[in-house]
Amino acid sequence: MIHEFAIEPEALSEWNAIWQSLEQFGVPHGRLIAHNKKKWLKKVHEATKNCPPVRRRVLEERLNRLRKKMTKGAGREYNPDICWCANAAAQQESQTPFRAVIVSDDHSEFNNFLTQYDLSEANALWHVQTQKKVPRTPKEMARCVSILGKMSGNILFIDPHYDSQLKRFNEVLLEVLNQCDINGKNVKRIELHTGTKIPVGEFEQNAQKYLSPKLPEGVSIHVFRWEQQDGQEKFHARYILTEKGGLNYEVGLDSGKKGETTNVSLLAEGIYKQRWQDFQKDSSPYRLIDEFIID
């Protein structure tokens, strides 16, 4: 659902169809730009140095807006002794290939390289699904959010029916943390937002018993329990949200029986922003009943 694309810096040396295609990047579109810390941005700035000053300023402004659409490229090797395209080609043979590599000139000798003429929905490498039917297994449900989770410092699990004593809920949450490489050093905030069907003491006791011992070292979860207010939103939908975007899990954040599936959808920017605000203490339409920490 969310895919990493590599873009050759020199392909952005002047205004072209590749620059225009950058509007189709971002979590809601399922496309993210892979980069190696600040090196990629620096190379793009260098590639545009011969543009007319006015045009270069416009391109730099667009470039600064790309930061939210970029992954960290963690774990990828870069060989300074070979060219950018050869490095990208090597990644295509690795365990974590890019969905595609976008370049300025045709490189038919490499796998999954695209030029500006290939960036249309008719191209299978460019086309991505923003809504997908997936098996209700922890692995497949977590796979949908893994790339987003790896680039985020805040992860919010939202399910009004979460039951902390049931394995089918806890195993999905734990698998998400695992696939997102979450540990006590790289995450700022993990939260679980749920309803009040289960008495608070029982919910917290079960969470400490069944979930806490299995959390990664150094990781704690802040639990918030909400209820609907008169005339306000119903607490019904299930999401995984981060500070960079979010996904809706139609059936819920629990695994199902063999053969069961759920629809998973990337949230459009406007809907994501609203749902993010819905689960902040100072802007939520719901009534906060209690909160506690699982560690």
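Laboratory data are not the source of any read-out in this text; all were calculated from the coordinates shown. Predicted model, so just to flag it, every value in this text is computed and none were measured. Because the Cβ atoms are built from the backbone with ideal geometry, glycine has one as well, and the counts that use them run over all protein chains shown.
Taking loop as defined by DSSP and a crowding limit of 11 other beta carbons within 10 Å, which trypsin sites (Lys or Arg not before Pro) in the range 1-80 fit?
Answer by residue number: Lys37, Lys38, Lys49.
Please list, in chain and number order, the residues 5+ apart from Arg238 or on another chain whose amide H is under 5 Å from its amide H, with Hs placed from the backbone.
Tyr249
Local charge sum around Glu140 (other residues, Cβ-Cβ under 15 Å, Lys/Arg +1, Asp/Glu -1)? Display every interim value, and only then the final one.
Numbers: positive: Lys132, Lys133, Arg136, Lys139, Arg143, Arg168, Lys257, Lys258; negative: Glu171, Glu175, Glu250, Asp254, Glu260.
Residues close to Glu140 contribute a combined charge of +3.
Long-range amide H contacts for Thr261: which residues qualify at under 5 Å (H placed 1.01 Å from N, peptide plane, sequence gap of 5 or more or a different chain)?
It is Arg136, by chain and number.
Assigning unit charges at the beta carbon (Lys, Arg +1; Asp, Glu -1) and nothing else, what dipole magnitude in debye, to the nearest 20, does the range 77-150 show about its Cα centre?
Dipole about the Cα centre, nearest 20: 800 debye.
With both partners inside the chain, how many of the DSSP beta bridges are antiparallel, as a percent to the nearest 5?
Details: 24 of 43 bridges.
So the antiparallel bridges in the chain amount to around 55 percent.
How big is the antiparallel share of DSSP beta bridges in the range 131-294, given as a percent to the nearest 5? Before the final figure, lay out the partial values.
Numbers: 23 of 32 bridges.
Once the DSSP bridges in the range 131-294 are tallied, antiparallel ones form about 70 percent.
Using the Karplus equation 6.51 cos²θ - 1.76 cosθ + 1.60 (θ = phi - 60°), what ³J(HN,Hα) coupling, rounded to whole Hz, does each residue of the range 8-17 give in order, writing x for Gly and Pro?
Rounded to whole hertz, the list is 4, x, 5, 5, 10, 6, 8, 5, 7, 5.
Under 8 Å for C-alpha pairs, at least 6 residues apart: give me the relative contact order for the range 193-273, rounded to a whole percent. Intermediate results must be reported in sequence, preceding the final value.
Values: 63 pairs, mean separation 18.2, N = 81.
Relative contact order comes out at 22 percent.
What Kirkwood radius, in Å to one decimal, follows from the Cα pairs of the range 143-286?
Radius from the Kirkwood sum: 15.6 Å.
Counting only Cα atoms, I'd like the Rg/Rh figure for the range 3-118, Kirkwood definition for Rh.
0.93
Using the number of other C-beta atoms within 10 angstrom as an exposure proxy, rank Asp118, Asp282, Asp159 with the fewest first.
Going from least to most buried by this count: Asp282, Asp118, Asp159.
Where does the chain land at 222 nm, in deg cm²/dmol rounded to the nearest 500, when only DSSP H runs of n ≥ 4 count, each adding -39500 (n - 2.57), divided by all residues?
After summing the helix terms and dividing by residue count, I get -7000 deg cm²/dmol.
Find how many whole Å separate the alpha carbon centroid of the range 52-128 from the alpha carbon centroid of the range 1-27.
7 Å
Using each residue's phi in the range 160-166, evaluate 6.51 cos²θ - 1.76 cosθ + 1.60 at θ = phi - 60° and report the 3J(HN,Hα) Karplus result to the nearest Hz, with x for Gly and Pro.
Taking θ as phi minus 60°, the curve returns x, 10, 4, 10, 6, 9, 9 Hz for the range 160-166.
Which whole-number percent gives the relative contact order of the range 1-128, counting Cα pairs below 8 Å spaced six or more residues apart?
Value for the range 1-128: 33 percent.
Once the piece of chain linking Asp106 and Gln165 is laid out straight, how much longer is it, given 0.36 nm per residue of separation minus the C-alpha distance between them?
Between Asp106 and Gln165, full extension yields 15.7 nm more.
Take every Cα pair under 8 Å in the chain that's 6+ residues apart, average their separations, divide by the length, and report that relative contact order as a whole percent. Intermediate values should be presented prior to the final figure.
Details: 527 pairs, mean separation 57.3, N = 295.
Computed value for the chain: 19 percent relative contact order.
Could you please state, rounded to a whole Å, how far the C-alpha centre of the range 239-268 is from the C-alpha centre of the range 181-200?
16 Å
Could you list which residues have their amide H under 5 Å from that of Met70, counting only those 5 or more apart in sequence or on another chain, with H placed in the peptide plane?
HN-HN under 5 Å from Met70: Ile33.
What share of the DSSP beta bridges in the range 3-118 is antiparallel, in percent to the nearest 5?
Bridges in the range 3-118 are about 10 percent antiparallel.
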